[in-house]
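J.: Sharing a structure here in structure tokens format.
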Amino acid sequence: MDDSLKIGIYLCTCGGEVEQAVDAGLLAKEASGWPGVTVIHKDASLCSTDGIRKIRGDVEKLGLDRVVIAACSPFFKVEEFSGLGINKYLVGRVNLREQCSRVHRNNPEHATKKAKTMLRGSLEMARHSQPLQPLQLPALKSALVLGGGVAGINASIDIAETGHEVFLIEKSPFLGGRVAGLHRYFPRMCPPSCGLELMFSKLKDNPAIHILTSSEIDSISGPPGNFEIMVRTCPRHIDAERCVLCGKCLEVCPQNAVIYPEGPSFPNAPAINRKLCIEGCDKCAGACPVHAIALDEEEKVSNSKAGALILATGWEPFDPTPLAELGYGRLENVVTGLEFEKIAGKHGAFLRGLKRIAFIQCVGSRDERHLSYCSGVCCMVSIKQAILLKEMEQDTEVYIFYNDIRTPGEYEDLYRKARQAGVIFVKGIPSELKPGDANKINFSVFDTVAGERLELSADLVVLATGMRPSSGIAELGGKIGIALNKNSFVESHLQCYPQDTRRAAVFSAGCCKAPMDVSRSIESAGAAAVKALQFLTGGIEVVPDHSAVNTLKCDVCKRCIEECPFKAYALDEKGFPKADILKCRRCGICMGGCPLAAVSLGELSIVQLSEMIDVFDRSYLDEDEPVILGFLCRNDAYRAADDAGLRGIQYPPNFLGIMVPCAGAVNGAIVAKAISTGIDGILIAGCPDSQCHYIQGSALAKTRLDDISNKLREMYLEPERVRFVAVSRDEPEKFARAVTEYVSELKLLGRNPLRL
Amino acid sequence: MPPYVVKDKCDGCKGKEEPLCEQICIGDLMTLDPGTGKAYCRSLRDCWDCMSCTKICPKGAIEQRIPYQLGYHGAKLIPMIGTDSITWTCVDINGKVERFTYRTRNKR
Ligand SMILES: Cc1cc2nc3c(=O)[nH]c(=O)nc-3n(C[C@H](O)[C@H](O)[C@H](O)COP(=O)(O)OP(=O)(O)OC[C@H]3O[C@@H](n4cnc5c(N)ncnc54)[C@H](O)[C@@H]3O)c2cc1C
Ligand code: SF4
Ligand code: SF4
């Protein structure tokens, strides 16, 4: 132990609040004899200007190397206590108020003893802390957007309008995505050309946007802030600048190889799919009046550099063929919603001739066998299409067969409008579609509201097929190193970080993350753009508090590489695992998993924890009172414990809580050491699995504790000496209950036989 | 007497190449079964009973069968490794349990 460090301890009574249970005077007296303690000061309000001035003065005059503040929760007064004239990572905090005095009010004697133990532990933590200085890392100012649908286009425009360069990469020969193929779009019922053309003109007018159509990502390398992306571009074979859209190429091509834009498109020129061409044929080149065709153009691979990436690869329709009972592909007049958009745009006359049209909702969606989720837009899509039909031809009978109608917010107006226009809504899904006379389709359906079976026939049946992520998303996800959720959409922590993916500086927007309509796609594009901009300032300031591997101990078993939820690790030039400072999210899951306890975080090291455990008095309450060491995750359990304090929920003082970034950060060797040296019980409290901010931290913590529990059993010790509890942020009662129950259980088990 | 790997517990050290037991074994006896992805001792008679693999296995998956000179059937030696401590649990053939905790110099 380095006794030469000068440490100042500052006790705050918080205007008497702390002293309701803790005898601060006694605490100060005892602490003054501890190694390294140079000054100890008790104050009624440390966070006041005078309090801060006092600490600053001491730091300067006495040359303090470390400062320990025993006061409120470390989540309070963060600003105040980081400006003490000493590197803020050398300042330790002891949570005397929320996690001691307020929760042990009726037991001042024990509260004081616990406070002393906490303070002693924190002194050791502080002694072994390291100063950290933020680093300035160079970063690029450009962004790359993948997918040129409404989401990708809007994200590109938003970023470019702040003066940053954007590379917009689109797989197909045209921008616009699925919206370009719609007839009208809700809720305003405008033709998509209106919105898209405005977007296209913004793209055209902005020299900062570089558009690459018919292009896909080959590979991506480099850290966040400095991605290097190889893009493969198929040739268009038609010079979009020259093309006058006369359509001659389309007329002469014997092979249907000309891909002609159908709706509003950008670039506004066809493309030629050379894979379909006959050897030697150059009919189109001859027919083109403006000589825009170059059949010998070749595939290009280019290199783009970007500081951040936005994924906006969109969706594709669910293929209803497997639902044989609905007759898609077998019956002529059964079409999907997307096909209906085309029919409505081009064959209005055909629709006007029909007497009855039926829409069937939830095709593929909300069906465990196919898409287990709600596709979100299909109700509105069918309602939109039904209204358009009614506006076209009042006589057409329009039925919508549904499970539930979902029209949140102002969309309810369109639902109402449809009913007023005479659209008939039937709660029930037709069981089987059968061919009838004159291309009609017969079916029966049980109307669950009326309680009767209807036998109907329709001229056209529209299947409201669901949305699934674009094909190729899995492969793309693998290349970029992001994860997909159980429905294969791009995964994100929907509530807290909806735009983030598992990789730093890679964000998602639009339907690649979840089914959504145009307005929400555009919204999410804006949000992703703002997130991306934070990485495009030309430099990134980061504190090196990421995980670091002690190469003297590491045996390169690579467990850290495997278990890091964010794929932050790679082997360095010497062959040791090294976490990328920009990819690491500081969860500590690698620190918890390393079998050799060789990984530490900048703010919390294995040495700190180990040294702290050493100085805890195993019998601080009494010989027969169990001592529990609690590891509380920063995002939930620790906050719940603080709330227990704020609300004065009481629990026994046998519990010493330590904050860890994630339940997954607790290393087995720390637990083993604590048990081996006589701590009676270890409680790890983390988020419920589905809420873990670091995806798998809680789950890993549980498995690791199970291993230790098994080991204890083999050692003829009680496996109950280690325990995991799931505590959400808003469950202070549950937290207090878990502690109380654990204390009683451990009392029944008796002392840890390894306590000396 | 050789190490015995409890298959359900071993996770092949997840790294898919050289697991810790393979790295630590002085006789290079432990290795992964490519079929199951689990560790095994490839030459039982060459084991020196040093228990390095038992100690290092993060999953507690390796049990050591104690050589008969030290204890007959029923005797056990179980290590538990802390950051800078090791606790040995010794069970003799009569089921008598003793535990010893030592400091190691593993801290940094
Ligand atoms: C039948 C139907 C009708 C609809 N009608 C409406 C409506 O009226 N109003 C409304 O608000 N919403 C409507 N929607 C929803 C709307 O289509 C979506 O909200 C919108 O398309 C989402 O835009 P996006 O940019 O996320 O995806 P997309 O439009 O799918 O665009 C994604 C783009 O990314 C490209 N891409 C895919 N993979 C790659 C890759 N690997 N590399 C490069 N590029 C790639 C694709 O080619 C595409 O151009 C409808 C949906 C359906 C099913
Ligand atoms: S701290 Fe978390 S994010 Fe960082 S390297 Fe370790 S496991 Fe990965
Ligand atoms: S050290 Fe343990 S977990 Fe790792 S491979 Fe060997 S037996 Fe399996």
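J.: With without any contact (Cβ under 8 Å) to a residue 24 or more places away in the chain and basic (Lys, Arg) as the only criterion, which of A:574, A:583, A:531, A:578 stands out?
T.: A:574
J.: Also, I was wondering about something else. Among the numbered criteria (1) within 14 Å of another protein chain (Cβ to nearest Cβ); (2) within 16 Å of ligand 2 (Cβ to nearest atom), which one does residue A:633 miss?
T.: (1)
J.: Does region A:593-619 hold any residues that are more than 16 Å from ligand 3 (Cβ to nearest atom) and in a helix (DSSP H, G or I), and which are they? Can you show your working first?
T.: Taking region A:593-619 and keeping what is more than 16 Å from ligand 3 (Cβ to nearest atom), we get A:599-619.
Answer for region A:593-619, where residues must be more than 16 Å from ligand 3 (Cβ to nearest atom) and in a helix (DSSP H, G or I): A:606, A:607, A:608, A:609, A:610, A:611, A:612, A:613, A:614, A:615.
J.: Evaluate the following for residue A:645: is it assigned to a helix (DSSP H, G or I) and farther than 27 Å from residue A:110 by Cα?
T.: no
J.: Residue check, residue A:396 against (1) at negative phi; (2) loosely packed, with under 15 Cβ neighbours inside 10 Å; (3) in contact (Cβ under 8 Å) with a residue 12 or more places away in the chain, all met but one. Which one?
T.: It fails just one condition, (2).
J.: Then there is this: Considering only residues of region B:7-31 that are among the aliphatic types (A, V, I, L, M) and more than 23 Å from residue A:708 (Cα to Cα), which is nearest to ligand 1 (Cβ to nearest atom)?
T.: Checked region B:7-31; the qualifying residue nearest to ligand 1 (Cβ to nearest atom) is B:29.
J.: A further question follows. With the structure loaded, tell me whether residue B:84 is acidic (Asp, Glu) and either out of contact with any helix residue (DSSP H, G or I) (no Cβ under 9 Å at 6 or more places or on another chain) or within 16 Å of ligand 1 (Cβ to nearest atom) (or both) or whether it fails that test.
T.: No.
J.: Using the structure shown, decide if residue A:563 is in contact (Cβ under 8 Å) with a residue 60 or more places away in the chain, under 29 Å from residue B:86 (Cα atoms), more than 16 Å from ligand 1 (Cβ to nearest atom) and more than 11 Å from chain B (Cβ to nearest Cβ).
T.: Spelling it out, it is not the case that residue A:563 is in contact (Cβ under 8 Å) with a residue 60 or more places away in the chain, under 29 Å from residue B:86 (Cα atoms), more than 16 Å from ligand 1 (Cβ to nearest atom) and more than 11 Å from chain B (Cβ to nearest Cβ).
J.: Take residue A:667 and decide whether it is within 21 Å of residue B:61 (Cβ to Cβ), at pLDDT 95 or above and within 14 Å of chain B (Cβ to nearest Cβ).
T.: Details: within 21 Å of residue B:61 (Cβ to Cβ): yes; at pLDDT 95 or above: yes; within 14 Å of chain B (Cβ to nearest Cβ): yes.
Yes: the conditions hold for residue A:667.
J.: Which of the residues belonging to region A:34-55 are surrounded by 15 or more Cβ atoms within 10 Å (Cβ to Cβ) and either charged (D, E, K, R) or outside the structural domain of residue A:12 (by TED's automatic domain parsing) (or both)?
T.: A:42, A:43, A:54
J.: Okay, moving on. Please find, within region B:52-95, the residue that is nearest to ligand 2 (Cβ to nearest atom) out of those that are in contact (Cβ under 8 Å) with a residue 40 or more places away in the chain and among the aliphatic types (A, V, I, L, M).
T.: First, pick out the residues of region B:52-95 that are in contact (Cβ under 8 Å) with a residue 40 or more places away in the chain: B:53-54, B:57-68.
After this cut, where a residue has to be among the aliphatic types (A, V, I, L, M) as well, the list is B:61-62, B:66.
On the way: B:61: 23, B:62: 26, B:66: 38 Å.
Per the stated criteria, the residue is B:61.
J.: Given the structure, is residue A:715 of a type in the set (A, V, I, L, M) and at pLDDT below 95?
T.: Here the answer is yes, as residue A:715 does meet what is asked.
J.: Restricting attention to region A:699-756, which residues are crowded, with 20+ Cβ neighbours inside 10 Å, within 14 Å of chain B (Cβ to nearest Cβ), among the aliphatic types (A, V, I, L, M) and part of a loop (DSSP other than H, G, I, E, B)?
T.: Matches in region A:699-756: A:715, A:717, A:754.
J.: Any chance you could count how many residues in region B:13-41 are facing chain A (nearest Cβ under 10 Å) and without any contact (Cβ under 8 Å) to a residue 40 or more places away in the chain?
T.: Residues of region B:13-41 facing chain A (nearest Cβ under 10 Å): B:13-24.
Filter again for without any contact (Cβ under 8 Å) to a residue 40 or more places away in the chain, leaving B:14-20, B:22-24.
Looking only at that region, the number is 10.
J.: When you go through A:401, A:359 one by one, which is the residue that is under 24 Å from residue A:180 (Cβ atoms), in contact with a strand residue (DSSP E or B) (Cβ under 9 Å, 6 or more places away or on another chain) and part of a strand (DSSP E or B)?
T.: Details: A:401 fails: under 24 Å from residue A:180 (Cβ atoms).
One residue alone meets the criteria, A:359.
J.: Out of all the residues in region A:1-33, which are part of a helix (DSSP H, G or I) and either of a type outside the set (D, E, K, R) or assigned by TED's automatic domain parsing to the domain that holds residue A:611 (or both)?
T.: A:18, A:20, A:24, A:25, A:26, A:27, A:28, A:31
Rundown of residues vs (1) within 14 Å of chain B (Cβ to nearest Cβ); (2) over 30 Å from the mean Cα position of the chain (by Cα); (3) crowded, with 23+ Cβ neighbours inside 10 Å; (4) within 16 Å of ligand 1 (Cβ to nearest atom), yes/no style:
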| site | (1), (2), (3), (4) |
| --- | --- |
| A:650 | no, yes, no, no |
| A:677 | yes, yes, no, no |
| A:692 | no, no, yes, no |
| A:695 | no, no, no, no |
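J.: Moving on. Going by the conditions given, is residue A:235 over 30 Å from residue A:388 (Cα atoms) and within 16 Å of ligand 2 (Cβ to nearest atom)?
T.: no
J.: Does region A:95-105 contain at least one residue that is of a type in the set (S, T, N, Q) and either farther than 20 Å from residue A:628 by Cβ or not assigned by TED's automatic domain parsing to the domain that holds residue A:11 (or both)?
T.: No.
Table: residues versus (1) within 29 Å of residue A:307 (Cβ to Cβ); (2) in contact with a Leu (Cβ under 7 Å, 6 or more places away or on another chain).
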position	(1), (2)
A:547	yes, yes
A:555	no, yes
A:560	yes, no
A:565	yes, no
A:572	yes, no
A:576	yes, no
A:591	yes, yes
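J.: Residues that are within 16 Å of ligand 1 (Cβ to nearest atom) and among the acidic types (Asp, Glu): find the strands (runs of 3 or more DSSP E) completely inside region A:115-225 holding 2 or more of those.
T.: Numbers: elements: A:135-138, A:143-146, A:166-169, A:209-212, A:215-221.
By residue number, A:215-221.
The values are calculated or read from the model by the stated rules, or taken from the named source; none is laboratory data. What you see is a predicted model, and the numbers here were worked out from it, not measured in a lab. Quick reminder, even Gly has a Cβ in these numbers, built from the backbone with ideal geometry, and neighbours come from all protein chains shown.
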